[in-house]
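Every read-out reported here was derived from the displayed coordinates using simple, explicitly stated rules and does not represent laboratory data. In this text, all values refer to a predicted model and were calculated from it rather than measured experimentally. Here Cβ is always computed from backbone atoms with ideal geometry, including for glycine, and neighbour counts include all displayed protein chains.
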Amino acid sequence: MLIKKISPLLAFFFLIYGCDSNSKIWTVFREEDLLEHPPAKRCADCHLDIYNQWKQSRHSVAWVSEGYKKATRNYSKTKCLSCHAPLEMSLNEKPQLREKHKKDGVNCVSCHFSSKDMSMHGPYDSFSPPHPSKEDKNFRKSIVCSSCHQQTYKQWKKASVSKTCQSCHMQPVKKGSLIQKFPFTYLHFPKEIYNHKFITGIAKENDIEVKAVKEDNLVKVILLNKGIPHNLPTADNGKPKFYVVVTTYENGKEKEKLQTIITEKYGMEYNKKKELDFYTFENYNSIKVEIFRKLSWEKKKKLIKSILIQF
Ligand code: HEC
Ligand code: HEC
Ligand code: HEC
Ligand code: HEC
Ligand code: HEC
């Protein structure tokens, strides 16, 4: 029902003019440049809160990131460009490169605008006079992330869980207005806003189970990713890393420190055991296992878990 989507004030206008959002009376509010791939700043004219969140996300620095600039040799590797400044995303397929406002990285229109029907796709059945909108159920599903996060999406599918990417990386922030501009703020009911900071987060201690077996000249560490329904680490082209550090002890006295790095190629799959062999020629009867992770763009590693195991 339309009345449900809009506030009583707007409903009053409806009663007077009796028309829907595509009819003539509302086109006086239409702002045509919104349909020509404007930069994110333009969307901030109304969607200021969401813009401020996005500004803090990795998506907003996808083009200007130092690590990315270096990895593409100053944007000379053409096959690397399209996902970092996409025109419009499509499901499961690599997007096309945008020619304008590249510094904006993965911006609002990359995800929301479709030139097929010249409208902003989103999770709601919205009444938005400044630009046409279309309710698109995919915005609540993981597939909306698939055109750029291709590897991660494949891993997630294999995990066959019901939790979507959004349920962890775009959690609801608050119920509020999607717009911070008069008069629209007052014309719409508050809605759930999902966090456009796209927070990466960090695995919790219990997400990774650690066991160890003592063998001759060997510590066998068995890891199990029980919590995150994609590989740890996961990547399309970034180089996030996990570090597994084993310290051996004999009667409490430290003997050796051994380390293995887990790259995205050999990441810990969801619900699948991963065995790592640490060779040692010293005697030991207890060990400490520490797991750290470092995202592609992070300088420092962070500790996820540390446990002591007695033999
Ligand atoms: C149009 C392409 C595109 C789409 C669609 C997209 N992303 Fe991204 N995403 C990127 C790029 C490119 C980066 C890397 C930005 C950087 O750090 O340079 C990224 C980074 C991220 C990161 C940060 C990863 C890290 O290294 O910390 C998260 C989390 C993320 N995206 C989540 C999502 C989720 C969830 C969705 C779906 C709702 C999504 N993305 C849809 C292109 C996309
Ligand atoms: C299919 C889309 C896609 C293409 C093509 C692509 N990337 Fe990315 N890139 C991503 C996504 C998604 C991320 C987010 C983190 C991750 O999953 O690796 C990312 C993250 C990165 C990062 C880490 C974040 C940062 O800012 O430091 C670097 C570096 C990077 N990409 C470099 C490249 C290079 C070099 C190429 C070409 C070989 C490339 N990308 C091509 C999607 C893509
Ligand atoms: C990487 C893709 C991506 C980018 C970039 C992005 N959005 Fe979204 N947006 C989404 C997804 C996915 C949802 C639906 C989230 C859900 O319902 O779980 C959404 C939801 C919304 C909504 C409905 C309210 C809400 O939070 O669900 C609005 C309005 C919106 N986005 C505007 C914007 C604006 C403005 C920008 C730029 C400042 C932007 N988006 C950038 C993917 C994106
Ligand atoms: C002049 C104000 C204005 C500007 C500028 C504006 N919007 Fe909107 N937008 C609205 C209004 C009004 C709504 C409806 C809000 C509601 O339903 O609560 C809306 C809703 C949306 C939605 C939700 C659609 C849905 O069906 O879930 C998305 C996505 C969106 N806008 C994207 C954008 C993007 C991307 C830009 C920049 C290119 C932009 N908007 C610029 C006024 C604006
Ligand atoms: C159950 C919650 C959950 C779901 C569902 C989920 N993720 Fe993650 N994701 C995480 C956590 C937690 C991390 C941080 C892992 C770590 O400690 O490095 C992460 C990390 C990432 C990273 C950064 C690279 C890395 O290895 O840390 C990207 C990119 C990403 N997720 C994308 C996605 C996409 C795309 C989907 C859906 C296909 C998705 N995630 C589904 C929780 C989730």
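Enumerate the amide H contacts of Lys197 below 5 Å, restricted to partners 5 or more residues apart or on another chain; note that Pro and chain-start residues carry no placed amide H.
none
What are the ³J(HN,Hα) values, in whole Hz, obtained from phi via the Karplus relation 6.51 cos²θ - 1.76 cosθ + 1.60 with θ = phi - 60°, for each residue of the stretch 188-201 in sequence order, with x given for Gly and Pro?
10, 6, x, 10, 6, 10, 9, 5, 8, 7, 6, 5, 6, x
With a ≥ b ≥ c taken as the square roots of the eigenvalues of the C-alpha gyration tensor of the stretch 34-76, please select rounded if a/c is under 1.5 and otherwise prolate if a/b is larger than b/c or oblate if it is not?
oblate
What is the set of long-range amide H partners of Leu178 at a cut-off below 5 Å, with H atoms built 1.01 Å from backbone N?
So Leu178 has HN proximity to Lys191.
As an exercise, take the mean of 1/r over every pair of distinct alpha carbons in the chain, invert it, and state the Kirkwood radius in angstroms.
Kirkwood radius, the chain: 22.4 Å.
Where in the chain is the longest stretch that carries no GluC sites (Glu not before Pro) classed as loop by DSSP and with at most 16 other Cβ atoms within 10 Å?
Between exposed loop sites, the widest span is 100-281.
What is the spin-label model distance, in nm, from Glu31 to Arg140 if the labels are put 7 Å beyond Cα along the C-beta direction?
My value for the distance between the label points is 2.9 nm.
Once every DSSP H run of n ≥ 4 in the chain is given -39500 (n - 2.57) and the sum is divided by its residues, what mean residue ellipticity at 222 nm do you get, rounded to the nearest 500 deg cm²/dmol?
Calculated at 222 nm, the ellipticity per residue is -4500 deg cm²/dmol.
Read phi for every residue in the stretch 253-262 and hand back ³J(HN,Hα) as whole Hz from Karplus 6.51 cos²θ - 1.76 cosθ + 1.60, θ = phi - 60°, with x for Gly and Pro.
Ordered by residue, 3J(HN,Hα) equals 9, 5, 10, 8, 10, 10, 9, 10, 9, 9 Hz.
What FRET efficiency would be calculated for the residue pair Asn283, Ser160, taking the C-beta separation as r and a Förster radius of 51 Å, to the nearest 0.05?
0.70
Can you list residues from other chains, or at least 5 along the same chain, whose modelled amide H is less than 5 Å from the amide H of Ser90?
Result for Ser90 returns nothing.
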